[in-house]
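Read through the structure below, which is laid out as structure tokens, and then see the notes.
The values are calculated or read from the model by the stated rules, or taken from the named source; none is laboratory data. This one's a predicted model, so the numbers in the text were calculated from it and none came from an experiment. Here the Cβ positions follow ideal geometry from the backbone for every residue, glycine too, while neighbour counts run over all protein chains shown.
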Amino acid sequence: AQSVTQLGSHVSVSEGALVLLRCNYSSSVPPYLFWYVQYPNQGLQLLLKYTSAATLVKGINGFEAEFKKSETSFHLTKPSAHMRDAAEYFCAVSVGGNQFYFGTGTSLTVIP
Amino acid sequence: DSGVTQTPKHLITATGQRVTLRCSPRSGDLSVYWYQQSLDQGLQFLIQYYNGEERAKGNILERFSAQQFPDLHSELNLSSLELGDSALYFCASSAGLAYNEQFFGPGTRLTVL
């Protein structure tokens, strides 16, 4: 069975500090992995996705994530947080391309 | 704007009632996905349709059903509503079946009183 675990339901960082949001997945076959962002009162928006090409994936708004098979992880990072990054972030796994399993989300707060 | 539209934006109804949520995918997208987002259960995949046919089922209750019409819009029907069905319901669309980016609509907030 596939699943996604996001460690830390709430993360707070200072403006300009490193953002690190953790995601671990469980999959019996090579997964496709995604990070989505949800701003208040909006739907989800794709940040980046891993589809078995380069293990370091660059996304929008300066975010990137690294696929580490040995650690079954796909952590999301951004070198310098901006106030506008405050949102809910979801990691998701897809196996077979039809069903998507989302993590429970991490709420990012950026402190000025 | 993702290009996915959902109506209505808000819906308030009573227990035992039935409601229909509507979704229009992005132009050209053949796949439609439905999700339920609640505070206690997070974002749950309900069901996927591709070009009118059901392709995948997630945690969808038997009281819930969906369909995708020839013009590719989709409807999610929720019946015998319970208080616990109160949630945000999102529709997403994608171009194909596998591994494509999903574009999410703004959601329908359902409140069951």
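Grab the strands (runs of 3 or more DSSP E) fully contained in region A:42-112, keeping just those with 2 or more residues being surrounded by 17 or more Cβ atoms within 10 Å (Cβ to Cβ).
Fully inside region A:42-112 and qualifying: A:44-50, A:64-68, A:73-78, A:87-94, A:100-102, A:106-111.
Would you confirm, using the coordinates I've provided, whether A:THR77 is away from chain B (no Cβ under 14 Å) and under 13 Å from A:VAL11 (Cβ atoms)?
yes
Condition check ((1) at pLDDT 95 or above; (2) closer than 25 Å to B:TYR50 by Cβ; (3) small (Gly, Ala, Ser)) across all residues:
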| site | (1), (2), (3) |
| --- | --- |
| A:ALA53 | no, yes, yes |
| A:LYS69 | no, no, no |
| A:ALA81 | yes, no, yes |
| A:THR104 | no, no, no |
| A:LEU108 | yes, no, no |
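Can you tell me which of (1) in a strand (DSSP E or B); (2) touching a residue at least 40 places away in the same chain (Cβ under 8 Å); (3) away from every other protein chain (no Cβ under 11 Å) is the one B:LEU43 doesn't meet?
Here B:LEU43 clears every test but (3).
Keeping to region B:86-113, report how many residues are within 13 Å of the chain's Cα centre (by Cα) and farther than 17 Å from B:VAL4 by Cβ.
2
Within region A:40-58, work out how many residues are away from chain B (no Cβ under 11 Å) and in contact (Cβ under 8 Å) with a residue 12 or more places away in the chain.
Residues flagged as away from chain B (no Cβ under 11 Å) and in contact (Cβ under 8 Å) with a residue 12 or more places away in the chain within region A:40-58 amount to 2.
Of all residues in region A:12-41, which are over 25 Å from A:SER70 (Cα atoms) and either touching a helix residue (DSSP H, G or I) at 6+ places or on another chain (Cβ under 8 Å) or not in a loop (DSSP other than H, G, I, E, B) (or both)?
Scanning region A:12-41 gives A:SER12, A:VAL13, A:SER14, A:GLU15, A:VAL37, A:GLN38.
Please determine whether any residue of region A:26-37 is in contact (Cβ under 8 Å) with a residue 24 or more places away in the chain, more than 12 Å from chain B (Cβ to nearest Cβ), surrounded by 12 or more Cβ atoms within 10 Å (Cβ to Cβ) and in contact with a strand residue (DSSP E or B) (Cβ under 7 Å, 6 or more places away or on another chain).
yes
Of all residues in region A:35-81, count the ones that are of a type outside the set (D, E, K, R) and over 30 Å from B:LYS9 (Cα atoms).
22
Can you tell me which residue within region A:80-95, out of those that are farther than 16 Å from B:PHE103 by Cα and touching a residue at least 60 places away in the same chain (Cβ under 8 Å), is farthest from the other protein chains (Cβ to nearest Cβ)?
That would be A:SER80.
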